[in-house]
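Note sheet for the following structure.
Quick note: the coordinates plus some simple rules give every number you see, no bench work behind them. Since the model is a prediction, treat every value here as computed from it, not as a measurement. Reconstructed Cβ throughout: ideal geometry from the backbone, glycine too, with neighbour counts over all protein chains shown.
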There are 2 protein chains.
Amino acid sequence: MPLSVDEVTERLREHDLRVTASRIAVYSAVAELPGHPEVDSIAERVRDQLGTASTQAVYDGLRALTEVGLLRRIEPAGSPARYETRVGDNHHHVVCRICGAAHDIDCAVGAAPCLDPSDAGGFAIDEAEVTFWGVCPDCRAKKGAA
Amino acid sequence: MPLSVDEVTERLREHDLRVTASRIAVYSAVAELPGHPEVDSIAERVRDQLGTASTQAVYDGLRALTEVGLLRRIEPAGSPARYETRVGDNHHHVVCRICGAAHDIDCAVGAAPCLDPSDAGGFAIDEAEVTFWGVCPDCRAKKGAA
DNA sequence: CCGAATAATGGACTCGTTCCAGATAACTGA
DNA sequence: TCAGTTATCTGGAACGAGTCCATTATTCGG
């Protein structure tokens, strides 16, 4: 889903972020890349679009966008950070144990499952993160073939 | 809760693992250290007990023990891997956003909440991992004071 | 259009973890 | 009990992800 530069610009402004070429490119990259891209692929795409961009520009952009809530960062065990533009609805993820691919999963049990642990041990809890682990269709096919 | 060497030895044998000093020390370290220790503290304790032990011995031990299911590895976003001896009951964790401390949380909703996502997107799911995020009592106190 | 403040560059660096080849120790069967 | 086989441990080098730094370039308010 390609986003217009103006649209992204507006979103940045709404969050009091300076509008820079790299930020626009970073946001668009995350929005347009399928799945939940990692920094690598995001940087690659940003460079395709801008010609060049330092690694830091990408990291900084991702951090800034994540901080204001325009992006969400997920970090499944054993794989580098991944980013997505779907924010604010507390959906969950399935992660492939073999290739690391991540996909969205809508919350099964309703609004906020498991969000009310019986004993929080004194912690002030503000979020419940659910990660499903399994094997994606592709890897299942390959495994069956092997 | 100190464990006798014999007890640990037996557990290793049950899982067809060779019984070595480092493995025993690694398992005991995880069992005896409070919370969910990371490799650092585990290695430190192992060295206290054995005199010396290479980093790899610790990593290898942890991996071997985790593979057979004697240990469980948790990897909260933004913090190094942590290990625990409580296995096989699919409990969950709260992680402090500030200091990274992790504590157990018994499953709130019963046996296996959220384990039946409406749409798995073709993934063969085998585990649902729940992580609660919040602030631990210690850090809350410090923050209040600051 | 200028100037203060924020972002980007690029290069060095940290941290957690893994890889490697050689030395060592644990189990097997006689 | 001992030798052989095989897994494990050592020490050191290496790797990937991510951060830090000083300098240069941009953005945006006035």
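Per-structure values
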item: Degrees between helix B:5-14 axis and first principal axis of chain B (Cα, 0 to 90, nearest 10); result: 70
item: Size of electric dipole in the protein assembly as shown: Cβ of Lys, Arg +1 and of Asp, Glu -1, about Cα centre, debye, nearest 20; result: 720
item: Solution diffusion estimate, µm²/s, Stokes-Einstein, the protein assembly as shown, Kirkwood Rh from C-alpha pairs, 37 °C, viscosity 0.692 mPa s; result: 153
item: Copy-to-copy label separations for A:Asp60, where each label sits 7 Å from Cα toward Cβ, in nm and ascending; result: 4.5
item: Whole-Hz ³J(HN,Hα) from phi, Karplus 6.51 cos²θ - 1.76 cosθ + 1.60, for region B:50-66, glycine and proline x; result: 9, x, 9, 6, 6, 4, 5, 4, 5, 4, 4, x, 4, 5, 4, 5, 5
item: Helix-only mean residue ellipticity at 222 nm for chain A, each DSSP H run of n ≥ 4 adding -39500 (n - 2.57), per residue, nearest 500; result: -11500 deg cm²/dmol
item: Semi-axis lengths (Å, descending) of the ellipsoid that matches the C-alpha gyration tensor of region A:8-60; result: 18, 13, 9
item: Among beta bridges that DSSP assigns inside the protein assembly as shown, antiparallel share in %, nearest 5; result: 75
item: Coordinate range along principal axes, alpha carbons of region B:1-105, Å, largest first; result: 37, 30, 23
item: 10 Å Cβ neighbours from other chains, averaged over peptide B:94-105; result: 3
item: Shielding by other protein chains, A:130-139, mean Cβ within 10 Å; result: 6
item: Sequence-distant residues sharing a close amide H with B:His93 (under 5 Å, placed H); result: B:Ile105, B:Val130, B:Phe132
item: Lys, Arg +1 and Asp, Glu -1 on Cβ, resulting dipole of chain A about Cα centre, debye, nearest 20; result: 600
